Amino acid sequence: MSYPRVASLKSAAAFRAHLDRSAIPLAFDDELAPAPASPLAAPIEVDGVRVGNRFCILPMEGWDGTPGGEPSDLTRRRWRNFGVSGAKLIWGGEAVAVRHDGRANPHQLMLSATTEGAIASLRDELVAAHRDRFGANADRDLWVGLQLTHSGRYARPDVHDRPAPLAGARHPILDRRFPNGVRVLTDEELDRLVDDFVAAARRAWNGGYQFVDVKACHGYLGHELLGAHAREGKYGGPLDNRTRFMRQVIEGIHANVPGLRIVVRMSGFDTVPFRKRGDGIGEPEVAQSAKATDGIGRGFGFGVADSDEHLDAALEEPRAVLRMLERLGVRWICVSGGSPYYNPHVQRPALFPPLDGYEPPEDPLRGVARQIRATALLKQSCPALVFVGSGYSYLQEWLPHVGQHAVRTGMTDFVGLGRMVLAYPDLPADVLAGRPLRRASICRTFSDCTTGPRLGLVSGCFPLDRFYSERAEAIQVKNVRAHMRV
């Protein structure tokens, strides 16, 4: 199964013809408006927070911190790149574990009493880089936060290839992927973890961060608890119980760190887990227990849909969670979907799979359209909230055209960028200045930034960033990619 490369769709007519021919509902603007008239250049102000444009840098894991959880020179370089990107919203910058057993890898950043100063310095370097590039007062409308996380069933705190899962709930499909078993955290352990999140939030505030993201996406603990239908006790079953952990973390931060803003990045929709078929293409892996719920696995998961036709209905519980967050004073929401571990084509549409992935079972542009539509539907239901969309990197040359349309028509408030800024960190600045995009720097979703970590290496754009392509790890990643295509 093959799909045309986005780079081959060189005109608006060719791009639209492919979308129409494939029945992919993805709208875009043929022409980009110059700043300051561009919707992407418009500032936004909510509850006293002013953000200078509509580009957002999404949080990522670099696999390049120290064993103790402090940033390395590679981490600092990436954060300085965020500063020169031109984006005015830095959504967490990095996924930072609140304690050791919640680290997704042995080199993930961790916020503790011993690392607090070093992680605070990341923000200082980002702001300094932003001022150097855009002017001494440029940070007046720059908003920088930190994403707080516990990796739950995907924790690997000590050795990169030794899982140490601490799950939020049993799952009939995912549990089978851990041959040494999965331990489910007790209610008492979750109670204590709430305190760890609050303590990390206080440290973030002390370090100068203006907000924290209480992470609830991509199969990690906060997300898994939202779908813990079959879990017994106060953290499972009815939605009120499944949101208890998120609610207690937010209430605890409000009570103990009152000046700190709280945002939430959430997998607003999901699908059943996928596996690699014999021909290398992804296919759904549906357990009988999931089929029994009505064919779409709602007994296991959060916002699970079996098709795009049922996406709107699958957003019923996510809408309820957003209404709860609004009542708790959370106004800023970043919408993602799925997980990089069990349905990566949903979470990060790409033409080329990472080491542990599969060939896409659909045109990746369909995955982009799904994320944009889900964000638009949730925004329509909760108009008082501010929304950041995800999944834009696969659009490549057409990213600003689709992003401009989405912001202009009210489908989202911000265009979120992840992988793209590893390859092309200053894409927002070029778009806002009206400069042509540098085609040689545009992320082509080769997925090397994921394959590297799957090998226990750092994450970076090995094909396009000369800094990384000249590192020794680049040869290992290239050899693995060549082997995958044989």
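The values are calculated or read from the model by the stated rules, or taken from the named source; none is laboratory data. Just so we're clear, the structure is a prediction, and the values are computed from it rather than from any experiment. Don't worry about glycine lacking a Cβ; one is built from the backbone with ideal geometry, like all the others, and counts go over all protein chains shown. For the accessible areas, the whole protein counts, side chains as well, though only heavy atoms, and no ligand, DNA or RNA atoms are used. Shrake-Rupley method; radii C 1.70, N 1.55, O 1.52, S 1.80 Å.
Of everything in region 38-48, what is in a loop (DSSP other than H, G, I, E, B) and of a type in the set (Asp, Glu)? Give them in sequence order. Matches in region 38-48: ASP47 only.
Residues in region 203-239 that are over 23 Å from the mean Cα position of the chain (by Cα) and among the basic types (Lys, Arg): ARG231, LYS234. The listed residues are ASP195, ASP161, and the only one of them that is farther than 23 Å from GLY93 by Cα, surrounded by fewer than 24 Cβ atoms within 10 Å (Cβ to Cβ) and not hydroxyl-bearing (Ser, Thr, Tyr) turns out to be ASP161. Cβ-Cβ distances below 8 Å connect the following pairs, each with a first residue in region 205-219 that is open to solvent by less than 10 Å² (accessible area, probe 1.4 Å), a second residue that is at pLDDT below 95, and a separation of six or more residues or different chains: VAL212/GLY92; ASP213/GLY92. Can you confirm whether region 111-118 contains a residue that is over 26 Å from MET266 (Cα atoms), open to solvent by 10 Å² or more (accessible area, probe 1.4 Å) and assigned to a loop (DSSP other than H, G, I, E, B)? Yes, region 111-118 contains a residue that is over 26 Å from MET266 (Cα atoms), open to solvent by 10 Å² or more (accessible area, probe 1.4 Å) and assigned to a loop (DSSP other than H, G, I, E, B).
For region 405-413, the condition holds for no residue, the condition being that it is within 21 Å of the chain's Cα centre (by Cα) and more than 30 Å from VAL330 (Cβ to Cβ).
Within region 85-98, none of the residues are surrounded by fewer than 21 Cβ atoms within 10 Å (Cβ to Cβ), farther than 23 Å from THR451 by Cβ and of a type outside the set (Phe, Trp, Tyr). Scanning region 19-36 for residues that are over 12 Å from LEU399 (Cα atoms) and under 27 Å from the mean Cα position of the chain (by Cα) yields a count of 5. Residues in region 322-343 that are crowded, with 23+ Cβ neighbours inside 10 Å and either without any contact (Cβ under 8 Å) to a residue 40 or more places away in the chain or β-branched (Val, Ile, Thr) (or both): ILE333, VAL335. Among all positions in region 70-84, there is at least one residue which is more than 23 Å from ASP448 (Cβ to Cβ) and either crowded, with 23+ Cβ neighbours inside 10 Å or among the basic types (Lys, Arg) (or both).
Selection over region 1-37 of residues that are surrounded by fewer than 20 Cβ atoms within 10 Å (Cβ to Cβ), in contact (Cβ under 8 Å) with a residue 12 or more places away in the chain, part of a loop (DSSP other than H, G, I, E, B) and not charged (D, E, K, R) gives a count of 13.
Of the residues making up region 38-60, those that are touching a strand residue (DSSP E or B) at 6+ places or on another chain (Cβ under 8 Å), open to solvent by 30 Å² or more (accessible area, probe 1.4 Å), in contact (Cβ under 8 Å) with a residue 40 or more places away in the chain and farther than 13 Å from ALA406 by Cα are PRO43, ARG50, MET60.
Listed here are the residues, each with its yes/no results for (1) at pLDDT below 95; (2) open to solvent by less than 10 Å² (accessible area, probe 1.4 Å); (3) closer than 25 Å to LEU351 by Cβ.
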{"residue": "THR243", "(1), (2), (3)": "no, yes, no"}
{"residue": "GLN248", "(1), (2), (3)": "no, no, no"}
{"residue": "LYS276", "(1), (2), (3)": "no, no, yes"}
{"residue": "ASP308", "(1), (2), (3)": "no, no, yes"}
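Only one entry of VAL388, VAL415, VAL402 meets the criterion of being open to solvent by less than 10 Å² (accessible area, probe 1.4 Å), part of a helix (DSSP H, G or I) and aliphatic (A, V, I, L, M), and that entry is VAL402. Just one of the listed residues (LEU417, LEU385) is within 26 Å of VAL458 (Cβ to Cβ) and touching a strand residue (DSSP E or B) at 6+ places or on another chain (Cβ under 7 Å), and it is LEU417. Taking the criterion of being outside any loop (DSSP other than H, G, I, E, B), open to solvent by 40 Å² or more (accessible area, probe 1.4 Å) and touching a residue at least 60 places away in the same chain (Cβ under 8 Å), the residues of region 420-466 that qualify are ALA433, ARG439, ARG454. The set of residues in region 168-189 that are within 18 Å of VAL249 (Cβ to Cβ) and surrounded by 22 or more Cβ atoms within 10 Å (Cβ to Cβ) comprises GLY168, ALA169, LEU185.
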